[in-house]
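Trainee: Shown below is the structure under consideration.
The values are calculated or read from the model by the stated rules, or taken from the named source; none is laboratory data. In this text, all values refer to a predicted model and were calculated from it rather than measured experimentally. Using ideal geometry, Cβ is built from the backbone for each residue, glycine included, and neighbour counts are taken over all protein chains shown. Heads up: the accessible areas ignore ligands, DNA and RNA and are worked out on the full protein's heavy atoms, side chains in. Shrake-Rupley method; radii C 1.70, N 1.55, O 1.52, S 1.80 Å.
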Amino acid sequence: MYGLRPAVLDAAARIRAATGHEVVAPDRYDGRTADDAESGIRIKDEIGGDEPARRAAAAAAPYAREDTVYAGGAVPLPGRGPPVH
């Protein structure tokens with residue numbers, strides 16, 4: 001499953017409902033999702049370099065305070081080894 005955006009939004013909604021916490025799921029890929037690893041890599045490459053990380057940092061900046069918790073996940077891609085964070 002590489003088109004993860006709906007799954008991420010669903011998980012954020014469940015956490016929000018269960019805890020009452022504010023949950024933010026920034027879109028680092030302009031709403032684009034992929035059906036397979038190759039397409040996902042192509043989207044990342046089209047966006048380029050460190051841009052997805054820059055977007056994540058910019059989205060997180062307004063929430064930077066002592067009581068903020070950042071969480072993330074990654075999908076291992078075939079032939080690419082484990083996700084690196």
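Trainee: Over 12 Å from the mean Cα position of the chain (by Cα) and within 24 Å of residue 10 (Cβ to Cβ): is that true of residue 27 in this structure? Even if it seems obvious, please write down each step before you answer.
Mentor: Working: over 12 Å from the mean Cα position of the chain (by Cα): no; within 24 Å of residue 10 (Cβ to Cβ): yes.
Here the answer is no, as residue 27 does not meet what is asked.
Trainee: Same structure, new question: Of all residues in the range 10-26, count the ones that are in a loop (DSSP other than H, G, I, E, B) and open to solvent by 90 Å² or more (accessible area, probe 1.4 Å).
Mentor: Residues flagged as in a loop (DSSP other than H, G, I, E, B) and open to solvent by 90 Å² or more (accessible area, probe 1.4 Å) within the range 10-26 amount to 2.
Trainee: In the range 35-59, which residues are within 21 Å of residue 10 (Cβ to Cβ), of a type in the set (A, V, I, L, M) and within 13 Å of the chain's Cα centre (by Cα)?
Mentor: Within the range 35-59, 56, 59 qualify.
Trainee: Looking at the range 27-54, which of its residues are modelled with pLDDT under 90, open to solvent by less than 70 Å² (accessible area, probe 1.4 Å) and outside any loop (DSSP other than H, G, I, E, B)?
Mentor: 37, 39, 40, 41, 43, 52, 53
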